[in-house]
Amino acid sequence: MELPINQIIQGDCLEVMKTFPGDSIDLILTDPPYNTGMKATNRGARLHDFFDDDYTDEDYLKLVRGGAYEMFRILKNDKPIYLFINWKQLGLWLQELRGVGFNIKNTIVWDKVVHGLNYQNYANTHEFIIYGVKGNWFPTNKESQDKKRGFFKDVWSIQRKMTDNDGHETIKAEEVLATVLSHAPNEKIVCDPFMGSGSTAFVCKRMGRDYVGCEMEQKYIDIANKRLRQEVLL
């Protein structure tokens with residue numbers, strides 16, 4: 001099967017990625033499930049129906065191990081991966097990514113500036129971004145913007161998105177995604193196996209990159225395609 005450029009394929013990413021040619025992707029930028037234990041439930045006016053993010057240990061290990069293997073297989077040699085994750089699952093993802101052959105170069109801390117909930121156990125204000133490579137690769141992270149904002153370091157202060165108007169509860173700040181892409185100017189085909197409501201595709205289109213992705217829920221693909229059809233990408 002040819003790589004479905006600039007498309008989001010509906011289905012289980014472990015099965016969809018098996019149809020992608022090996023060594024066909026220039027950059028993986030993705031935000032997999034964190035296995036927070038959250039279950040879909042109506043939360044009223046403030047938050048709409050939350051997504052299911054409650055895996056058994058066995059099922060989550062299958063997702064992580066299979067995802068790591070397929071992402072390594074489809075990524076070209078001497079190309080990078082950037083993967084968002086929380087502190088609870090950081091160790092597992094690091095272990096499995098190393099296990100399939102990725103060279104883990106660093107773990108970036110995304111300081112979201114505005115904290116979330118869980119005040120009792122210190123309100124959460126950060127996420128991790130695992131940065132690894134298949135082979136050898138270096139980011140171009142010393143431009144004027146990087147020096148001004150501190151993006152040449154491994155702590156990035158970028159305020160998180162405060163609303164869910166784009167239809168997904170864990171949407172990432174577009175500036176974070178754009179920063180990653182700006183550090184990889186020669187990587188033209190970007191894969192996000194956990195596409196959600198399409199933020200990676202949206203930023204890729206805005207920055208002149210091609211994308212390919214997977215998403216289980218058709219409702220999120222519909223939201224993503226609606227965003228991508230905008231005449232002007234802000």
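Tabulated results
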read-out: Residues located in region 174-197, provided they are small (G, A, S) and either modelled with pLDDT of 95 or more or outside any loop (DSSP other than H, G, I, E, B) (or both); value: A178, S182, A184
read-out: G213 being at positive phi and not acidic (D, E); value: no
read-out: N106 being within 27 Å of S24 (Cα to Cα) and either of a type outside the set (A, V, I, L, M, F, W, C) or touching a His at 6+ places or on another chain (Cβ under 7 Å) (or both); value: yes
read-out: Any hit, region 166-173, residues being modelled with pLDDT of 95 or more and in contact with an Asp or Glu (Cβ under 8 Å, 6 or more places away or on another chain); value: no
read-out: Residues of region 107-129 classified as out of contact with any Leu (no Cβ under 8 Å at 6 or more places or on another chain) and either aliphatic (A, V, I, L, M) or surrounded by 13 or more Cβ atoms within 10 Å (Cβ to Cβ) (or both), total; value: 12
read-out: Residue in region 85-97 that is modelled with pLDDT under 95, over 17 Å from the mean Cα position of the chain (by Cα) and at negative phi present; value: no
read-out: Every residue from region 144-165 that is charged (D, E, K, R) and at pLDDT below 95; value: R160, K161, D164
read-out: Residues satisfying the stated conditions in region 15-29, i.e. over 15 Å from the mean Cα position of the chain (by Cα) and part of a loop (DSSP other than H, G, I, E, B); value: K18, T19, F20, P21, G22, D23, S24
read-out: Considering residues of region 199-226 that are part of a loop (DSSP other than H, G, I, E, B) and modelled with pLDDT under 95 only, the residue nearest to L14 (Cα to Cα); value: M216
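The values are calculated or read from the model by the stated rules, or taken from the named source; none is laboratory data. Everything numeric here is computed off the predicted structure, so don't read it as measured data. Backbone-built Cβ (ideal geometry, glycine too); neighbour counts: all protein chains shown.
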